Every structure is written in C-alpha cells, then in structure tokens.
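Below is one structure, written out as structure tokens; comments come after it.
The values are calculated or read from the model by the stated rules, or taken from the named source; none is laboratory data. Note that the structure is a prediction, hence the values are computed from the model and not measured. All Cβ positions, even for glycine, are placed from backbone atoms using ideal geometry, and neighbour counts span all protein chains on display.
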Amino acid sequence: MPKNRLPLVAAVYLGTFVALLDVSIVNVALPTIQQALHTDFGGLQWVVDAYTLCLSAFMLSSGLIGDRYGRKRSWLAGVGIFVAGSLICAVAPNLPALLAGRVVQGIAGSLLIPGALSILTQAFPDPRERAGVIGGWAAFAAVSLVVGPVLGGILVQTVGWQSIFLINLPLGLFTIVLGAVSIEETAHPEHAHLDLVGLALSILWLGALTFGLISAGESGWGDARTITAIIVGVVGLVVFLGFEARTPRPMLPLGLFRDVRFAVANVASFALGFTSYSCVFFFSMFLQQVQGWSPTQTGLRMAPAFLVQIVVSPWIGRLSARYGHSLLMTAGYVLIGLSMLGMCWAGPSTPYAVLCALFTINGLGNSLAIPTGSAAAMSYAPRERSGMVSAVINATRQSGLAIGIALLGALMSMRATSLLTGYLRDAGVANAEAVARAAISRHDFATDAAIGEGGVHQLFASAYAGGFHAAMLTAAIAAFLTAALLAMVLAPAEARSARRAKQQA
C-alpha cells in the first residue's frame, strides 16, 4: 500500500471502528439499561432496532448522496452526526429519548458504513489491492467488536451506562480531523438521484414489519396490532419494489439484481445480518440472564468470537484470489450455522470451554463470510456505482439484523414465557402466566413462598435458555440454507463468469 494513502485508510478504519464500537458496547449494556430505564424486553429490542432500522432504511439514499454530492463530504458529515447522536444517547433520561438518539446514530451510520467501502473502492482501483484493504477493514472492524464488549462492561460497571456513548465523542472528533486532511473528494453525480418516495416507502415497510414482529413477542401472533403491522410491512415492501421498478431513477436499481451473482450475494448479506449479527444480542443476554455473568465478564467471554476475526481477516484477500468468493462464503455460513446449532444445547451450567469453542467457530465463519461477501458484491457491479452498491449490500445486511432482532427475539420471548408458565404451574404458583410474562419481559420476579426466590430464578434461567435455543435453531437453519444457496447458485455462476472473462481476454 502506498504510504500516502495510509492516513486515508486510517481515517476510514477509525470511522468504522467508532460506529461498530457503539453496537458491541450497547449489546453488553442492555440488561443494565433495562433496569436503569425500567423498560421491558421489547424496549431492549428497540434500542438495537431503532439504530439498525434507520441504518438500513436510509442507507440506499445515503449511498446516492455520496455518489452525487461527494463521498468525502457525506462521510465526514456522517461522523459528525454520529457524534451528536451519541451525545443525545448519553444524556437521555428515559427510553424515548434514548431511542431518539439511536435514530440519529442510525441515520449517521447510513452515511458512514457504505461510505467507507465506497471511499476504499475509489482509492484502490486494483482488485487484488482493494481486496486486501477491505480485508484489513474487516479486521479492524473486528477489533471494535472485541474492544466494545470488554470496554463497555468495564465502563458500565465503573462509570455508568451513559459512558458507553460519551466515549464516541473524542474518537469521532479525531476521525473528522484525520479524514478531512487525507481523503480526496470523488463524485459521480450523473449516476445518482435522490428518490424521496422510495426512501419513505422503505422506512414504512421495514418499520412496520419490525414493529409487528416485536409486538408478536409481547402480545402474540393473533394480536390485532401485530397482524396489522405485519400486513402493512408486507404490502409496503411490495409497493416499494413496484415503485422502484417503474421510477426512471430509483434509489434501488433492481436491474443490478439481473446478475444472479449480485442477487445471491445480497441474499447472503441479509442472512448474515439475520443470523450472525443479530445473535450477538442474544449471546450477551444469555451470558448475563442465564449464566449470571456481569457485563465485564460477558464481554471477556464473547471476545473469542471477535479475536479470531482479527487473526483471519487479513488473509482473506489472498484466499479469495486463490479460491474465489463463493467457496469462502459457503464455508463461512456452514461454520456460522454449526456454532448456532451447538448453542441449542447451552444452558445455565454449560462450561465456558464449550461456549468458547462455539464462539470461536462463529468468529471464523464471520471472518470468511463478511469481507468476501462485501468484496464479491462490489466486484459484480460497475465501479462508478460503488456508493450505490456498497449501500445496497450494507442495507440488506442491516435489514437482516433489524428483522433478526425482531423475529428471533419474538420467538425467544414466546418460547421462554411458555416454558416458564409451565414450570410455575407445575410448582403450584398462582397466576403463572402473568408471573412468567413479567419475569421474561421485564425481569420482574414475583417470589412465591412455595419455591423461594432462588427457585424462581432457577426456573427463569432454564426457561430463558429454552427461548434462546429456539432463536439459535432458527438462525442455524437460515445459515445452512444460505450456504446451500451459495453452493448451488453462486459458485456455478462465478465459474461461468470466469470462463467468459478468459474467452474475452
């Protein structure tokens, strides 16, 4: 890598670090935030999804903003807005205020995350060199995921949950200064057009669907509010796709999906968000609520999932050049599925050695799937559309995360509530269903004299583990199906494309 581009790479890596640090820190702090702000499990889902929903909904338009008005300008604006959102979160006195700050952070992240890949793509036109830089970007992102849980746990226990947001302020301001002096401005305005109707429709369908799925976990699938929201979400998605297909300058060019490689890469990206990204939320809750570890201990125990990414990610560029994207992606999703399938046997007394092995397998799967998926999608589209393509691949991934938190969380909550209701009824507890719902949703225990406080907590841990298993099994199935799709569709398509390229050379 030329030395004159090192400051540029450092700025982009650091910007990604700031955005992802916040995600990993928040997951560890969720139980503490739940107690401090007196919210329920659905509220915790929204703490994560308020960010990811805005991230995915605004990301397509944000990519176009970079292409049209300048990638450097839009990326630096994203860092500044993210700092402002972090400050709002830090001073939030209640859940609505915290969610407002998360929305601001999500909008900022929609400028930051696709902007990083777009800037790197423009700065490194050579495919091999670009793959190496993107691999390093993924490794540096993994560093934030390692540091986040550990640092977040320490900050939560020693300073308070607000400090996990305040730490973004000095980091963000330094990133702005570094990026301002090192990144060169690039733009392709002739390929970009803001699609405000498409933006509104994307917010509508994704927000309604997410609301409906979270509501299902609280009120059940038969609740009128749940049914209405899910119908609005599905209809909104159909209308959104129909509008994007007809409008002359869409924010989501469906023509890109005519290339089966690009289409499958985005399906895989959605699945990655749905499975591996969303399960960090559930891993943190499991370690704290089922096994009883503190935030700091939880962060340390989750670290292997991210440490392995630091070790493996820098080698992904060379491996991709030798074996192709599809093989590494397929192997990655198989490993992710195996790790989550193994989690279906984890319980309150599962030794950490077992969990450590599963976290390591999961991290290895991520290190294969994340950078190759991003690099593959970027290579399947014209270079002048890099901002748009980066936005699409990240939007599908974040959409998968938002829906994964909502759907897997609903399955977990319903299964845990059902199991705990049965346990309490067998123990002779009155109003078992109401007690179970309060315990699972709000972590509010009504101790029964017949079984004692310790007995209630033991039953809660067993039921919560059962709900965790339901979420993990669903995620594992999704990962294995994605691996099958990659093996049966993407690998042959990639081989055909390589043969055509040789014939034309």
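In region 376-386, is there at least one residue being in the same structural domain as Phe270 (by TED's automatic domain parsing), crowded, with 24+ Cβ neighbours inside 10 Å, closer than 15 Å to Ala271 by Cα and in contact with a Gly (Cβ under 9 Å, 6 or more places away or on another chain)?
Checked region 376-386: no residue is in the same structural domain as Phe270 (by TED's automatic domain parsing), crowded, with 24+ Cβ neighbours inside 10 Å, closer than 15 Å to Ala271 by Cα and in contact with a Gly (Cβ under 9 Å, 6 or more places away or on another chain).
Mind listing whichever residues of region 76-91 are farther than 12 Å from Asp22 by Cβ and without any contact (Cβ under 8 Å) to a residue 24 or more places away in the chain?
The answer is Ile88, and nothing else.
Within region 193-241, which residues are in a helix (DSSP H, G or I) and within 27 Å of Tyr69 (Cα to Cα)? Outline the logic, then answer.
Filtering region 193-241 down to residues in a helix (DSSP H, G or I) leaves 196-219, 224-241.
Matches in region 193-241: Leu196, Val197, Gly198, Leu199, Ala200, Leu201, Ser202, Ile203, Leu204, Leu206, Phe240, Leu241.
Run down Ala90, Ala29 and say which single residue is of a type in the set (A, V, I, L, M, F, W, C), surrounded by 23 or more Cβ atoms within 10 Å (Cβ to Cβ) and under 29 Å from Phe286 (Cβ atoms). Talk me through it step by step, then tell me what you get.
Details: Ala90 fails: surrounded by 23 or more Cβ atoms within 10 Å (Cβ to Cβ).
Answer to the check: Ala29.
What single numbered condition from (1) in contact with a helix residue (DSSP H, G or I) (Cβ under 6 Å, 6 or more places away or on another chain); (2) farther than 23 Å from Tyr333 by Cβ fails to hold for Gln297?
Of (1) in contact with a helix residue (DSSP H, G or I) (Cβ under 6 Å, 6 or more places away or on another chain); (2) farther than 23 Å from Tyr333 by Cβ, only one is false for Gln297: (1).
Kindly establish whether Ile107 is in contact with a Leu (Cβ under 6 Å, 6 or more places away or on another chain) and aliphatic (A, V, I, L, M).
Working: in contact with a Leu (Cβ under 6 Å, 6 or more places away or on another chain): no; aliphatic (A, V, I, L, M): yes.
Against the criterion (in contact with a Leu (Cβ under 6 Å, 6 or more places away or on another chain) and aliphatic (A, V, I, L, M)), Ile107 does not qualify.
Kindly list the number of the only condition in (1) surrounded by fewer than 20 Cβ atoms within 10 Å (Cβ to Cβ); (2) of a type in the set (A, V, I, L, M); (3) modelled with pLDDT under 90 that fails for Val354.
Among (1) surrounded by fewer than 20 Cβ atoms within 10 Å (Cβ to Cβ); (2) of a type in the set (A, V, I, L, M); (3) modelled with pLDDT under 90, Val354 violates only (3).
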